[in-house]
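For reference, the structure discussed in these notes is given below.
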Amino acid sequence: MILVTKPFLPKNEEYIKKVNTIFENNWITNNGPFSQKLEYEITNFLEIPSLHFLSNGTMALHLSIKALDLKGEVITSPFSFVATTTSIIWEKCTPVYVDIHPDTLCIDPDKIEAAITKNTTAILATHVYGIPCDVEKIEIIAKKHNLKVIYDAAHAFGVKFKGKSLLNYGDISTLSFHATKLFHTVEGGGIVNNLGEKLDKKITLLRNFGFEGDNYYLAGVNAKNSEFHAAMGLCNLPYVSEIINKRKKLVCKYNEILADIVQRPSIPKETEYNYSYYPIIFKTAEQLLNVQQVLLENKIQTRRYFFPSLNNLPYLYTSQYCPISENIASRVLCLPLYFDLEIEMVEEIAYKVREVCI
Ligand code: T4K
């Protein structure tokens, strides 16, 4: 079976060497030396102010909402992984969906202002597939209406926009270091805070039950990660550029074969992209289902990232209409893309897709 993705793994002995050090240190979690080193290395690698290493990308979203003390309505994208919405709901805020732009598939900034009410406190938008949201327009709107901005940047590790890390835009960006991501720590996530030291301190407390020594400052949670996870991150980080380059080659090959028959989201100018997924948009949902079935019969797994459009989740209190997102979500399919994938496999997959479509 060719899977839709496959975790990158470093050389066995590189990881074992780090595990041996963990055994020697006898320090296995709670902000140990590898966790601190990983935070330092990622901060340097991505050129960001700092990184809070967390248990996963979902906790990164939860802690961001808590840290900013958000209440009321949070404007968000209907086209994302479900965690973007569930974090808003778990934090007792109301998700208000603003439809996406049909080219980038990110929230459409020109539709945000119409959704702002007196209860709106923030915008939580996803750089879906690592494609930058229109961060400049969003910043202007947020400033005008005094809103906080969180970017769900789970897919955006290594993406640059206008020469700087995409994570440096907005008040906070959240990352996922899940096994399926191009950089991973098995399970893991991160917060990049652009609002300075005071908020950094709050996030550090929130991650660790809200206490320090004998002082209990606020109601925190356990969102720490372990030394074993950090060790995996330290092993994987040096490969990130190679991983992105390989993905780029695979994506170019897919594009070469498929460009004239399927639609693809567009990457804004001045973006250094990371090739984190390979989504294609079919003419109809029926065509998508046909292709998916044929590929499956040929032992090729694909995924409907992201379906359904989140505004249609069955547990929402109100129904909100996002026609573009609903339409795209019904027609978008991600093809296999990962470091170990051979160019010949990409050719095989892409020609199968072609066969069904024409
Ligand atoms: N925000 C956004 C925008 C996100 O996309 C995500 C997560 C989050 C927030 C939350 O971050 P985390 O809390 O997860 O850190 C996957 C991932 O679990 C999830 O991290 C990811 N986004 C989402 C888009 O996809 P599934 O349920 O599709 O994963 P799963 O287990 O079906 O894996 C996909 C394929 O990968 C498998 O068919 C085979 C392969 N695989 C997977 C694993 C775990 C392997 O070969 N080996 C493995 O160990 O959710």
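In this structure the chain gives 46 Å² per residue of accessible area when probed at 1.4 Å with all protein chains present.
Leaving out ligands, DNA and RNA, and with a 1.4 Å probe, what % of the accessible surface on the chain is carbon or sulfur? Its accessible area is 54 percent carbon and sulfur atoms.
The alpha-carbon of Lys253 sits under 12 angstrom from the alpha-carbons of these aspartates and glutamates, leaving out residues fewer than 8 places away in its chain: Glu342, Glu344, Glu347, Glu348.
I'd like the FRET efficiency for Asn245 and Met345, computed as 1/(1 + (r/R0)^6) with the beta carbon distance as r and R0 of 22 Å, rounded to 0.05.
Approximately 0.80, to the nearest 0.05.
Compared with the direct C-alpha span, the chain from Lys201 to Thr284 gains 25.0 nm at full extension, assuming 0.36 nm per residue.
Too long at a 28 Å Cα-Cα cut-off: which of Lys143/Lys198; Lys269/Lys352; Lys111/Lys352; Lys246/Lys352; Lys92/Lys269; Lys144/Lys269?
Working: Lys143/Lys198 20 Å; Lys269/Lys352 31 Å; Lys111/Lys352 38 Å; Lys246/Lys352 22 Å; Lys92/Lys269 37 Å; Lys144/Lys269 25 Å.
In this structure, Lys269/Lys352; Lys111/Lys352; Lys92/Lys269 exceed 28 Å between Cα atoms.
Each peptide among 244-257, 220-233 gets the average number of other Cβ atoms lying within 10 Å of its residues, and from highest to lowest they stand as 220-233, 244-257. Quick check on the stretch 12-238: of the DSSP beta bridges with both residues there, what percent are antiparallel, nearest 5%? Counting DSSP beta bridges with both partners in the stretch 12-238, the antiparallel share is about 45 percent. Extending 7 Å from the Cα toward the beta-carbon at both Lys269 and Asp103 defines two label points whose distance is 1.0 nm. A Gaussian network model of the chain, with springs between Cα atoms under 10 Å, assigns the largest mean-square fluctuation among Pro314, Pro102, Pro323 to Pro314.
Remark: relative contact order (the chain) = 23 percent; criterion is Cα-Cα distance under 8 angstrom and separation of 6 or more residues. One chain, two ends: Leu218 and Leu316. Fully extended at 0.36 nm per residue, the span grows by 32.3 nm beyond their Cα-Cα distance. Classify the chain as rounded, prolate or oblate from the Cα gyration tensor: take a ≥ b ≥ c as the square roots of its eigenvalues, call it rounded if a/c is under 1.5, otherwise prolate when a/b beats b/c and oblate if not. Judged from the Cα gyration tensor, the chain comes out oblate (a/c at least 1.5, b/c at or above a/b).
The values are calculated or read from the model by the stated rules, or taken from the named source; none is laboratory data. This one's a predicted model, so the numbers in the text were calculated from it and none came from an experiment. Neighbour counts run over all protein chains shown; Cβ positions are idealised from the backbone, glycine included. Protein only, heavy atoms only, side chains kept; ligands, DNA and RNA dropped before computing areas. Shrake-Rupley method; radii C 1.70, N 1.55, O 1.52, S 1.80 Å.
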